[in-house]
Structure formats: C-alpha cells, structure tokens
Ligand code: RFL
Ligand code: PHB
C-alpha cells in the first residue's frame, strides 16, 4: 500500500485532517486502534470556539452543528455563592457553540465514510518507521495480519497515550508538565440544564461546572481528590455535593435524575516540544494536554489541524515547504497561550490541598476584580472564545 499522508489516530484531529486533505485531493489513510462505535461513544468536550465551528463548516460537516448546536453569548462565574456574567458577545463580538465532541466525531465519520472510506479501524501495533529517511512507512496489524503503508509524511493524531510522540528520539524533545492534585468527576444526565449558560463555580468545597449538551441532556462536573473512586460516588452523593457548590439561585432550581455516564478524569497541563520531527507531525492531544477548565483541548486540536493542513497543502499544491518547516513553531505559539489560560482558569477556580486562607483571599479578590473590571473580563472572554488562527 502507498499513500501521501498516514494519519495515526481517528479522533477529532485525525478525522478533520483527513477530511481537509481529501478535499484537496491529497491521498491519506487513517489508522485507528479502536472501533468506530468506541470512538463515537467517548463523552468529552462540549464547547466549540468560533474558529472551530468555521473549520467544521469549511470541512463540509456542519449540517447538524448549524441546526443543533447552541450558540452561547456568555458564561456565568460564581464565587462566595455569588454569580456574575461574562458577556462574551459584547466583549469580543464572538460566541461559543455548545455541541458535543461525540457529535463532531460522528459527523466527520459519516462524511469520510461516504466520500473516501479511508479509515481503517481496529488496528494494532501501529509503528511509524524510517521517519528520518527518504521513504518513511507505517506498519500495523489488522485481523492479525501484518500490513505496511509507504508514505511521504505521518501525522501523529493519536492522543496523549499514542505511539507517535514516543518515536521521536528523547534527547530531541523537551517535555513540560504540570499534574494537578485533583480530578473532575463528571456525569451526564437526561435532565434539563440548570442554566441557559455554563456556570463555573469557585466554592470552599471545590470547583463545580454546570454544562449541557441539549435541552434535556445536562453535563455536570465537580472537583474531587484524585484518589477518589467512582464506586464511592452514588448519584445521590454527587447531586448533594453539586448543589452545595453551585450558587443558591441555580442550586434551588436544579433538576436531578439518574446519571447515564459517570467518570473521573485527571487534570494535567502537558506540552511536547517540538511538535514535529523529520517527516512526523504531532497534532492535538498527542502533543499537548490542557486541564478541561478552559474548554480548550478539542479547539487546540483543530487549530493544529489548520496549521498542518496549510503546510501540507502548500507542499503538495505549490511546492512550498516553508509552512511545513514552521509547523511546530507556529502551532506552539498558540498552544502555549491556551496552556496559560487553562492553567489560570484551573488555579483560579479549584481548591488545592495545601491551600491557605491567604490563597483563598487571593482567589476571591481575583474574581472580585474580574467582576468589576471590563479589562479583566475582556482578557478572559478573548481567550475563552478562542485566539485567532
Ligand atoms: P483523541 O481524542 O485522544 O484521539 C486520539 C485517537 O487516537 C487513537 N489511538 C491510536 N490509533 C492508532 N494507533 C495507536 N497506537 C493509537 N493510540 C491512540 C485513539 O483511540 C483515539 O481515537 O485526540 P485528538 O484527536 O487530538 O482530540 C483531542 C480531544 O479529544 C481533547 O483535547 C478534548 O476531548 C479535551 N476536552 C475538551 N476540549 C475542548 O475543547 N472543550 C471542552 O469542553 C473539553 N472538555 C475534554 C473535556 C476532555 C475531557 N477528558 C475526558 C479528558 C472534558 C473532559 C472530561
Ligand atoms: C463540557 O460540557 O463537557 C465542558 C464544558 C466546559 C468545559 C469543560 C467541559 O470547560
């Protein structure tokens, strides 16, 4: 087998890159370890920046997004049981769209299956090789049979636990990492959302987030110790704790119900520099992780796709290699700004185990300042709706 670009990983970044390359007639094959139903079933991101929405529109996969996505012009923040609003629209003239990553992935799969059918699911032992040679290739097993694809380039879109990052010689990369001493316990429930807009709450017991997927599907998160076990969190215990952490006006109207998904996710900030080596380009979670507090992970994956697609397009259609050479540098410049913002949202809203009364007063005054300063609100809003790319 031979193709131009082998894409390792069929999550949102791999699928979107594949779609853009195919639209320009650049041959590519996506190798995905899991089944389609497994990829589509993962409950993850929910908030799309305007830039992400535009990319999905350009990719021709926005039919359902345009109809079913919810435009949000603002977000609610709360501290000391007191809420205030950040008016994203007024401050930036942009909005975000609530539309689940599950749906984005489903839309991409359907389009690609119909038009190109170049996704190979359920592959094992994927290994990119000879990336520093003229003729790189990727080997993998499918149904126990060994396969080899020759290619020009490999896009590592295989997430944080993928193989791609690991094939770069360790002495050529620098890893930046911060692991937070808590996790997010998230539930999905078939209940109407407690609020029309997302609520990010700073509370003495820890952070809480009220989000949603649609008018009868709510997504809620609470900060928990990283050592907590999911079995110890009954639905009843979860709802009681969430009610305590949300501002009273919201807690009083919260409709509870049976959870249809419940999981605990660790929080970390992580960057691998550079994001490319020879013929290999890392994209999305394969190169960087942000804590979900700023809703940036999926959106960063999309801006990486934009930069890489642009570089590959110029290489194949115009024979210009400069953008491809600068991919890592350009992508990292945007990545670090999102790393900073996500870290700031996380440190401003969560309780740290060693937190003192002094630290609490600093958080309170940060939020009080934010409530009363248009300049401070603009900084948050600009980052939340997404920096340009
Ligand atoms: P993914 O989604 O991890 O996809 C990688 C794919 O690669 C496959 N794979 C392999 N395939 C072949 N061979 C191998 N050796 C392979 N190893 C792995 C995997 O099966 C998988 O299909 O990475 P990608 O595409 O870069 O996308 C990144 C996003 O999924 C991620 O950043 C977001 O989900 C993060 N995130 C959020 N992002 C937002 O923008 N807004 C949000 O509101 C938001 N909320 C969240 C989140 C992530 C969360 N969790 C669970 C980590 C909320 C949560 C709770
Ligand atoms: C979500 O709806 O899953 C979600 C929303 C906002 C975040 C993180 C996750 O910051």
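Of the set (1) within 16 Å of ligand 2 (Cβ to nearest atom); (2) out of contact with any helix residue (DSSP H, G or I) (no Cβ under 8 Å at 6 or more places or on another chain), all apply to residue 201 but (2).
Can you go through 201, 155, 210 and tell me which one is within 11 Å of ligand 1 (Cβ to nearest atom) and buried (at least 22 other Cβ atoms within 10 Å of the Cβ)? It is 155.
Whenever a residue of region 327-346 is under 16 Å from residue 376 (Cα atoms) and modelled with pLDDT of 95 or more, its partners that are part of a helix (DSSP H, G or I) and within 16 Å of ligand 1 (Cβ to nearest atom), lying with C-beta atoms within less than 6 angstrom and at least six residues away or across chains, give the pairs 341/294; 341/383; 342/293; 342/294; 345/293; 345/294. Only a single criterion out of (1) surrounded by fewer than 18 Cβ atoms within 10 Å (Cβ to Cβ); (2) closer than 29 Å to residue 178 by Cβ is not satisfied by residue 330, namely (1).
Within region 47-63, which residues are under 18 Å from the mean Cα position of the chain (by Cα), in a helix (DSSP H, G or I) and in contact (Cβ under 8 Å) with a residue 40 or more places away in the chain? Residues satisfying the conditions are 50, 51, 52, 53, 55, 56.
Put simply, of 308, 326, 317 the only residue that is at negative phi and touching a strand residue (DSSP E or B) at 6+ places or on another chain (Cβ under 6 Å) is 308.
Among the residues of region 250-288, which ones are surrounded by fewer than 23 Cβ atoms within 10 Å (Cβ to Cβ), assigned to a helix (DSSP H, G or I) and in contact with a helix residue (DSSP H, G or I) (Cβ under 6 Å, 6 or more places away or on another chain)? Scanning region 250-288 gives a single hit, 251. For residue 178, are the conditions met, namely being under 21 Å from residue 350 (Cα atoms) and away from ligand 1 (no atom under 13 Å from the Cβ)? In short, yes. Of the residues making up region 289-314, just one is away from ligand 2 (no atom under 16 Å from the Cβ) and either free of Cβ contacts under 8 Å to residues at least 12 places away in the same chain or in a strand (DSSP E or B) (or both), namely 314. Restricting attention to region 90-140 and to residues that are closer than 30 Å to residue 375 by Cβ and near ligand 1 (Cβ under 10 Å from one of its atoms), the residue that is surrounded by the most Cβ atoms within 10 Å (Cβ to Cβ) turns out to be 96.
Of the residues screened, residue 312 is one that is more than 25 Å from residue 45 (Cα to Cα), away from ligand 1 (no atom under 13 Å from the Cβ), crowded, with 23+ Cβ neighbours inside 10 Å and modelled with pLDDT of 95 or more.
Filtering region 64-83 down to residues that are within 21 Å of the chain's Cα centre (by Cα) and in a helix (DSSP H, G or I), which residue is surrounded by the most Cβ atoms within 10 Å (Cβ to Cβ)? Only one residue tops the list, namely 65.
For region 347-360, what are the residues that are under 20 Å from residue 297 (Cα atoms) and without any contact (Cβ under 8 Å) to a residue 60 or more places away in the chain? Of everything in region 347-360, just one residue is under 20 Å from residue 297 (Cα atoms) and without any contact (Cβ under 8 Å) to a residue 60 or more places away in the chain, namely 347.
The values are calculated or read from the model by the stated rules, or taken from the named source; none is laboratory data. The shown structure was predicted, so the numbers you read here are calculated from the model rather than taken from an experiment. Virtual Cβ from ideal backbone geometry, glycine too; neighbours counted across all protein chains shown.
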